[in-house]
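J.: One structure coming up, written as structure tokens, with questions to follow.
Since every read-out is calculated from the coordinates, none of them should be taken as a lab result. Only a predicted model underlies this, so the values are computations on that prediction, with no experimental measurement involved. Methodologically, a virtual Cβ is constructed for each residue, glycine included, from the backbone with ideal geometry; neighbour enumeration extends over all protein chains shown.
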Amino acid sequence: MQETQEVTADLVSTSIDQGLDSIGETAKRVVYFRVEQDLKIRRSEIPANCKLFVEELQQIFGPGGKVLEKSILAKLGEVTGRSDLPRDFCKAVEVVSGRKG
């Protein structure tokens, strides 16, 4: 079970990383820095703190945070091979991790 959770967290982390690629490497590093500084959440802990992460994206980018969330969600669908995920990133993380759906 622990191994499955780690694989799921890795898939979510990969989708976040790939989704943030759309804003460029420097901006992506700024996002990770702000998440760590403002929320005290390490990069590896983001999947377990999805709602806080999404709120931080919106804090940083305003309405553009929703665009990034959709980009990350699309990447989550790609890396998991699922096209049936909810349109809300945090709900999709719950489905992928087996907590819902």
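J.: Let me know the charge dipole size of the stretch 1-71 about its Cα centre in debye, to the nearest 20, where only the beta-carbon of Lys, Arg (+1) and Asp, Glu (-1) is charged.
T.: Details: 9 positive and 12 negative charges, 55 e Å.
I would put it at about 260 debye.
J.: Output the relative contact order of the chain, whole-number percent, from Cα pairs under 8 angstrom with separation of 6+ residues. Show your work: numbers first, answer last.
T.: On the way: 90 pairs, mean separation 32.9, N = 101.
Across the chain, relative contact order equals 33 percent.
J.: Enter the mean projected area of the convex hull around the alpha-carbon atoms of the chain, in nm², rounded to one decimal. Spell out each step's value before the answer.
T.: Values: hull surface 23.6 nm².
Dividing the Cα hull surface by four gives the mean projection, 5.9 nm².
J.: Looking only at 64, 24, 77, which one moves most when the chain is put into a Gaussian network model with springs between Cα atoms under 10 Å?
T.: Of 64, 24, 77, the Gaussian network model singles out 24 as fluctuating most.
J.: Which whole number of Å³ per residue matches the convex hull of the alpha-carbon atoms in the stretch 1-56? Write down the numbers at each step before the final one.
T.: Values: hull volume 3.9 nm³, N = 56.
With only Cα atoms used, the stretch 1-56 gives 69 Å³ per residue.
J.: Could you tell me what a quarter of the Cα convex hull surface of the stretch 30-80 works out to, in nm² with one decimal place? Don't skip to the end; give the middle numbers.
T.: Values: hull surface 13.8 nm².
Value for the stretch 30-80: 3.4 nm².
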